[in-house]
Amino acid sequence: MRYVMLLEATQPATPPPAELMAAIIKLGEEATAAGVLLDNAGLAPSQAGAKITVTGGGLSVTDGPFAETKEMISYAVYETRTKEEAVEWASRFMKLHRDLWAGWEAECRLLKVMGPEDFQQP
């Protein structure tokens, strides 16, 4: 099963500590070696993106930045055997931030990517 982890946080006033970045790299290497991390990267601020909306039969495009106080700042794609395993990897990532960057706050969304198992007949 594939899961997408989206990290949403306010833009911090300070850059991440070097110790945190080293721990993130180590965790990424561990997840890659375990065969569960398929892709990950930081995301540019919303001002570099756009929102495409369909309402009332019309299509509109709104360039960023968006009014949200938080930004999607990174993503990762995991392939795991269970949801619990995906939650464990995402939790380890969030714990690194909690433990190594005092005052940092964020929300991590873990979303299942639909796969063949979601379309099997009972």
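The values are calculated or read from the model by the stated rules, or taken from the named source; none is laboratory data. Remember, predicted model here, so these are calculated numbers, not experimental data. Cβ: placed from backbone, ideal geometry, glycine included. Neighbour counts: every protein chain shown. To get the accessible areas, we keep the full protein, side chains included, count just its heavy atoms, and leave off ligands, DNA and RNA. Shrake-Rupley method; radii C 1.70, N 1.55, O 1.52, S 1.80 Å.
Mind giving me the FRET efficiency for Val54 and Glu19? R0 is 35 Å, r the Cβ-Cβ distance, nearest 0.05 is fine.
Working: r = 45 Å, r/R0 = 1.28.
Approximately 0.20, to the nearest 0.05.
Return the lysines within reach of Lys70: Cα separation strictly under 25 angstrom, same-chain partners fewer than 8 residues apart disregarded; answer none if there are no such residues.
Output for Lys70: Lys51, Lys95, Lys112.
At 0.36 nm per residue, and after removing the present C-alpha to C-alpha distance, how many nm does the segment from Glu85 to Asp39 gain when stretched out fully?
Details: separation 46, 0.36 × 46 = 16.56 nm, distance 1.65 nm.
Full-extension gain reported as 14.9 nm.
How charged is the neighbourhood of Asp99? Take every other residue with its Cβ under 14 Å from the Cβ of Asp99, and add Lys/Arg as +1 and Asp/Glu as -1. Walk me through the numbers before you get to the answer.
Details: positive: Lys26, Arg92, Lys95, Arg98; negative: Glu19, Glu105.
That works out to +2.
Go ahead and estimate [θ] at 222 nm for the chain from helices alone: -39,500 (n - 2.57) per DSSP H run with n ≥ 4, summed, over the residue count, rounded to 500.
Numbers: 2 runs with 34 residues, N = 122.
It lands at -9500 deg cm²/dmol.
Residue separation times 0.36 nm, minus the C-alpha to C-alpha distance between Val77 and Thr32: what's the value? Display every interim value, and only then the final one.
Details: separation 45, 0.36 × 45 = 16.20 nm, distance 1.08 nm.
Value of the extension gain: 15.1 nm.
Once phi is turned into ³J(HN,Hα) by the Karplus curve 6.51 cos²θ - 1.76 cosθ + 1.60 with θ = phi - 60°, what whole-Hz value does each residue of segment 74-83 show in order, with x for glycine and proline?
6, 9, 8, 10, 10, 10, 10, 6, 9, 4
Give, in nm to one decimal, the length gained when the segment between Gln47 and Asp118 is fully stretched (0.36 nm per residue of separation minus the Cα-Cα distance). Don't skip to the answer; put the middle values down first.
Working: separation 71, 0.36 × 71 = 25.56 nm, distance 3.48 nm.
That works out to 22.1 nm of additional length.
Please compute the net charge surrounding Asp39, taking Lys and Arg as +1 and Asp and Glu as -1 over other residues with Cβ under 14 Å from its Cβ. Mind showing how you got there, number by number?
Working: positive: Arg2; negative: Glu79.
With Lys, Arg at +1 and Asp, Glu at -1, the net is 0.
Select from Leu59, Leu100, Leu20 the residue whose mean-square fluctuation is largest in a Gaussian network model of the chain (Cα-Cα springs shorter than 10 Å).
Leu59
In whole Hz, what ³J(HN,Hα) sequence does segment 24-39 give by Karplus (6.51, -1.76, 1.60; θ = phi - 60°), x for Gly and Pro?
5, 4, 4, 4, x, 5, 5, 5, 5, 5, 6, x, 9, 8, 8, 6
Can you give the accessible area of Ile52 in Å² (nearest 10), computed on protein heavy atoms with a 1.4 Å probe?
Taking all protein chains as shown, Ile52 has close to 110 Å².
³J(HN,Hα) across segment 84-100 via Karplus (A = 6.51, B = -1.76, C = 1.60, θ = phi - 60°), whole Hz, x for Gly/Pro?
3J(HN,Hα) across segment 84-100, in whole Hz: 4, 5, 5, 4, 4, 5, 5, 5, 4, 4, 5, 5, 4, 5, 4, 7, 10.
Show the residues, 5+ positions off or on another chain, whose built amide H is closer than 5 Å to the amide H of Ile73.
Long-range HN contacts for Ile73: Leu7, Glu8, Ala9.
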